[in-house]
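This report refers to the structure that appears directly beneath it.
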Amino acid sequence: MKTKNEKCEKYMDEFLMLDKNAPIPLRITLHLLKCSSCRNQVRLLSIAERVAASPLKIELPLSDEKIKAAVMDTNPSWLPKIKPVTMSRWVICGILMIMFMLVFAIFTHGLRNERLLIAFYLVFAIAVCSYCALFIGTNMDFFIKKIKTIKSSRNLIF
């Protein structure tokens, strides 16, 4: 024969396995009506769920201030880590890479050692491919937004 604690654990496990806002089966409801400790646990769990979900409820339309307020509500230490996305470093690195390639091409124009030139140009090719891959990989959300904008503007035209 099962003890009261074992029965309560069984019913609480069944209750916790339910999906959110799913109807509570009749046998669990009857147990909750009879057992005050399980009823209190369910009440406390529902209050805890509401409290945990409250910072996630943001009114629409979203603005920067609303997003910052939601971040500050959940974890105030996150906000100083958020930095605006800038392309200036990427542009400067790209311009420097092109300048180095041009300077190298000017200074090695008179070299006769083709193997050395091929090796240097291969290094430059690898550098350009790596730069492009890193640029696209680290700014993926920017490109996705641009592609969606282009697709939506094409749908408006046609």
Filtering the stretch 26-55 down to residues that are open to solvent by 40 Å² or more (accessible area, probe 1.4 Å), over 26 Å from Asp73 (Cβ atoms) and either in contact with a Cys (Cβ under 7 Å, 6 or more places away or on another chain) or not aliphatic (A, V, I, L, M) (or both) yields Arg27, Thr29, Lys34, Ser36, Ser37, Arg39, Asn40, Gln41
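Residues checked against (1) under 30 Å from Ala69 (Cα atoms); (2) in a helix (DSSP H, G or I); (3) under 36 Å from the mean Cα position of the chain (by Cα):
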position: Lys10; (1), (2), (3): no, yes, no
position: Phe15; (1), (2), (3): no, yes, yes
position: Lys20; (1), (2), (3): yes, no, yes
position: His31; (1), (2), (3): no, yes, no
position: Asn40; (1), (2), (3): no, yes, no
position: Arg43; (1), (2), (3): yes, yes, yes
position: Arg50; (1), (2), (3): yes, yes, yes
**Report entry** Selection status of Leu62, open to solvent by less than 100 Å² (accessible area, probe 1.4 Å) and at pLDDT below 85
**Finding:** yes
In this structure, does Ile136 turn out to be exposed (fewer than 10 other Cβ atoms within 10 Å of the Cβ) and modelled with pLDDT under 85? no
For the stretch 129-147, pairs from a residue that is under 15 Å from Arg89 (Cα atoms) to a residue that is loosely packed, with under 10 Cβ neighbours inside 10 Å, with Cβ under 8 Å and 6 or more apart or across chains, are Asn139/Val85
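The values are calculated or read from the model by the stated rules, or taken from the named source; none is laboratory data. Note that the structure is predicted; figures quoted are calculated from it, not measured. A quick note on method: Cβ atoms are made from the backbone with ideal geometry, for glycine too, and the neighbour counts reach across all protein chains shown. What goes into the accessible areas is simple: the full protein's heavy atoms, side chains included, and nothing from ligands, DNA or RNA. Shrake-Rupley method; radii C 1.70, N 1.55, O 1.52, S 1.80 Å.
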